[in-house]
1. Tell me, in nm to one decimal, what length is gained between Asp37 and Ser94 on full extension, where the rule is 0.36 nm per residue of separation less the Cα-Cα distance?
2. Hey, if we sort Leu45, Leu85, Leu106 by accessible area with the 1.4 Å probe, largest down, what's the order?
3. Quick one: pull the percent of accessible area on segment 17-154 belonging to carbon and sulfur, 1.4 Å probe, ligands and nucleic acids left out.
4. May I ask for the distance between the Cα centers of segment 106-160 and segment 31-95, given as a whole number of Å?
5. Measuring from label point to label point, each 7 Å out along Cα→Cβ, what is the Lys28 to Glu144 span in nm?
6. What does the charge count around Pro86 come to, taking other residues whose C-beta lies under 13 Å from its C-beta (Lys +1, Arg +1, Asp -1, Glu -1)?
7. Which of rounded, prolate or oblate describes segment 55-120 when judged by the alpha-carbon gyration tensor and an a/c cut-off of 1.5?
Amino acid sequence: NRRIKDTGEIRMQPYYRWRAGPVIETNKPLDFLIDADNRGFFTVLLPGNQIGYTRDGRFKIDSKGRLVMVDGNYPVVGTNGPIVLPEEADFAVSKSGAIFADGDILDRFDIKVFTNSGRDRLITINGSVFVSTEGVPEQLIGEEHYAVRQGMIEQNNVMKAIVGDVTMLKRAYE
């Protein structure tokens with residue numbers, strides 16, 4: 001909570017710990033992780049053609065062949081718009097986010113790697129999808145700032161944060 005100096009008004013302002021959660025290997029071809037020091041986000045398309053960003057890399061294919069988020073069914077955006085995967089194709093994704101179907105390049109994830117200050121300007125709409133009210137936040141450009149890992153996801157960081165804080169407090173007490 002934050003008190004506004006002049007009016008005495010109290011506003012709720014969420015605080016996010018951009019701490020990574022535990023990484024698990026799922027071996028599912030539609031699970032992805034962005035290795036970017038907690039600053040990498042997949043771009044998704046929200047209702048009304050609004051752009052959103054997520055670190056939740058659990059995807060599925062909808063009835064239109066689009067790659068969508070498991071939570072919310074928001075289409076995942078590539079450099080050519082929403083990513084559509086051909087039926088019955090074998091596909092793979094490179095570390096740079098290039099999507100290959102039967103060996104041919106199909107599209108590339110629209111990965112955003114925000115600076116720490118840019119990431120801190122994001123606001124959440126549901127806990128896993130974020131938007132910016134100020135345009136695209138400041139970001140780091142280039143594939144050298146991230147690596148996409150297929151068949152892996154990052155789990156929720158809540159327990160890691162609690163355990164980490166308890167350990168830190170215990171050491172401080174001692």
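1. 18.7 nm
2. Largest accessible area first, the list is Leu106, Leu45, Leu85.
3. The computed percentage sits at 47.
4. Rounded to whole Å, the Cα centres lie 12 Å apart.
5. It works out to 3.5 nm between the two label points.
6. Charge balance near Pro86 sits at -4.
7. Judged from the Cα gyration tensor, segment 55-120 comes out oblate (a/c at least 1.5, b/c at or above a/b).
The values are calculated or read from the model by the stated rules, or taken from the named source; none is laboratory data. Keep in mind that what you see is a predicted model, and the values were worked out from it rather than measured. When we count neighbours, we look across all protein chains shown, and the Cβ atoms used for this are built from the backbone with ideal geometry, even at glycine. The accessibility values were calculated without ligands, DNA or RNA, using every heavy atom of the protein model including side chains. Shrake-Rupley method; radii C 1.70, N 1.55, O 1.52, S 1.80 Å.
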